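For reference, the structure is listed below as structure tokens.
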Amino acid sequence: MFNFAFSRLSLAVTAVVTGLITASPVAAQDIRIGAMREGSSWYVFAATLEQIIEPIIGENSVEVIARGGGVANPMVVQGGKAEIALSNVASAVWAKNGDDIYNGMKAPDIRALVGGLNKVYVGVIARKAFIDEMGTSDLAEIMNSGKPVRVLMKPVGSSAVPVAEMIFEGLGTSAEQIKKNGGDIIQVGTGQIPDQIRNANADIYIDTMIKGHPTITEVSVTSDAVFLDVPDAAMALLEENGLTPGTYGPEWFKGQTGSTKGANLGTVLIANASLDEETAYKITKAIIENAYKIKGSHAAWSGFDPKTAMTPENTGIELHPGAARYYREAGLM
């Protein structure tokens, strides 16, 4: 597993996760779905899932938790604050293994229900004026130029943050070195990101590139932006840590002139192993048999293929017995 040069990252993640799993319990619900904030594609998925499974589970039996994220949600499920949650495939593996980012915490009791929900590429955007000034669009050359580079990303809790650190490490640099060169690491909430790029307060922006992503769309429409490939040297380290190389686009966003190389985190719906087998079976069945509703709820989910929902590369972790039973009975396993 990678060794974080980002010295405070794992401690910050621990604080975020601990805050979520030790917060006062929500009102008792049969099924709580860990998602992200309202307006995100994960929230849209969870709200759609609520509509699909509530008639099956029971009226007023499902609640969407509008917080968390790819890094936090595995521990939210492990800590019993949600029965099911969306997670990145890579972060589910990191959590189950207790890798560095979780600072000694582990999630041995998380299980997969449905994988391959969508592809979540971590990618890189730069201001065109900055690229023109640097004289290159090669990220490796930019990060090793010794010149000041201001890197923008979301706060700790987003899966894009540890992936950004892996990119730095793969390119032979670090957050500390970036700052020594006169650059900076700027972490702000999603709502502030477009303004940071528009006002030239940052040079490079690293985030999850999901089709239809409102923040990426706003950045690309309101700024003169360029999409950069993740270099092969960084991609090698990302592959070692559970991400898969691929391309997004070619025209998901304004400014993309062709397909762009990124690293896919994947998306999987996870559950606690203590979730009873029959409920896990019903949830899995409802998603697979209502895939058209999931696919139609948001552009990010349009590529979901139910036939590959149970494959190891799309789940990353062991299937819940209830999910496995459904896939066997449906002839998918």
- Message: Can you tell me which residue is nearest to the chain's Cα centre (by Cα) among those in region 97-133 that are in a helix (DSSP H, G or I), more than 19 Å from THR208 (Cβ to Cβ) and in contact (Cβ under 8 Å) with a residue 40 or more places away in the chain?
- Response: TYR102
- Query: Can you tell me how many residues in region 227-264 are basic (Lys, Arg) and closer than 25 Å to PRO312 by Cα?
  - Reply: 1
- ILE57 in contact (Cβ under 8 Å) with a residue 60 or more places away in the chain and either among the charged types (D, E, K, R) or open to solvent by less than 40 Å² (accessible area, probe 1.4 Å) (or both): no
- When every residue in region 269-318 that is closer than 21 Å to VAL64 by Cα and of a type in the set (Val, Ile, Thr) is compared, the one modelled with the lowest pLDDT is ILE294
- Message: Given the condition open to solvent by 20 Å² or more (accessible area, probe 1.4 Å), in contact with a strand residue (DSSP E or B) (Cβ under 9 Å, 6 or more places away or on another chain), farther than 13 Å from ALA112 by Cα and without any contact (Cβ under 8 Å) to a residue 12 or more places away in the chain, answer yes or no: does some residue in region 258-274 qualify?
- Response: yes
- Message: Here are the criteria: (1) under 13 Å from the mean Cα position of the chain (by Cα); (2) within 23 Å of VAL188 (Cα to Cα). Tell me which single one PRO148 does not satisfy.
- Response: (1)
- Could you tell me whether region 84-101 includes any residue that is modelled with pLDDT under 90 and surrounded by fewer than 24 Cβ atoms within 10 Å (Cβ to Cβ)? yes
- Answer yes or no as to whether GLY58 is at pLDDT below 95 and touching a helix residue (DSSP H, G or I) at 6+ places or on another chain (Cβ under 9 Å). no
- Task: Among residues belonging to region 184-218 that are open to solvent by 10 Å² or more (accessible area, probe 1.4 Å) and of a type in the set (Gly, Ala, Ser), point out the one that is nearest to LYS147 (Cα to Cα).
- Result: ALA200
- Query: Just to be sure, is TRP42 over 23 Å from SER297 (Cβ atoms), modelled with pLDDT under 95 and not small (Gly, Ala, Ser)?
  - Reply: no
- Message: Only one of THR247, THR190, THR257 is at pLDDT 90 or above and either among the basic types (Lys, Arg) or on the phi < 0 side of the Ramachandran plot (or both). Can you tell me which?
- Response: THR247
- Message: Could you check region 124-138 and list, in sequence order, the residues that are more than 17 Å from GLY255 (Cα to Cα) and out of contact with any helix residue (DSSP H, G or I) (no Cβ under 7 Å at 6 or more places or on another chain)?
- Response: GLU133, GLY135
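Restricting to region 298-329, count the residues that are open to solvent by 50 Å² or more (accessible area, probe 1.4 Å) and either assigned to a loop (DSSP other than H, G, I, E, B) or touching a Leu at 6+ places or on another chain (Cβ under 8 Å) (or both).
Selection size over region 298-329: 5.
Please pick out the residue among VAL161, VAL221 that is in contact with a Lys or Arg (Cβ under 7 Å, 6 or more places away or on another chain) and open to solvent by less than 10 Å² (accessible area, probe 1.4 Å).
VAL161
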- Item | Candidate set: region 311-333, residues that are over 24 Å from GLN78 (Cα atoms) and of a type in the set (A, V, I, L, M); chosen: the one farthest from the chain's Cα centre (by Cα) | ALA330
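The values are calculated or read from the model by the stated rules, or taken from the named source; none is laboratory data. Every value quoted in this text rests on a predicted model; they were computed, and no experiment measured them. A quick note on method: Cβ atoms are made from the backbone with ideal geometry, for glycine too, and the neighbour counts reach across all protein chains shown. The area values use the complete protein model at the heavy-atom level, side chains included, leaving out ligands, DNA and RNA. Shrake-Rupley method; radii C 1.70, N 1.55, O 1.52, S 1.80 Å.
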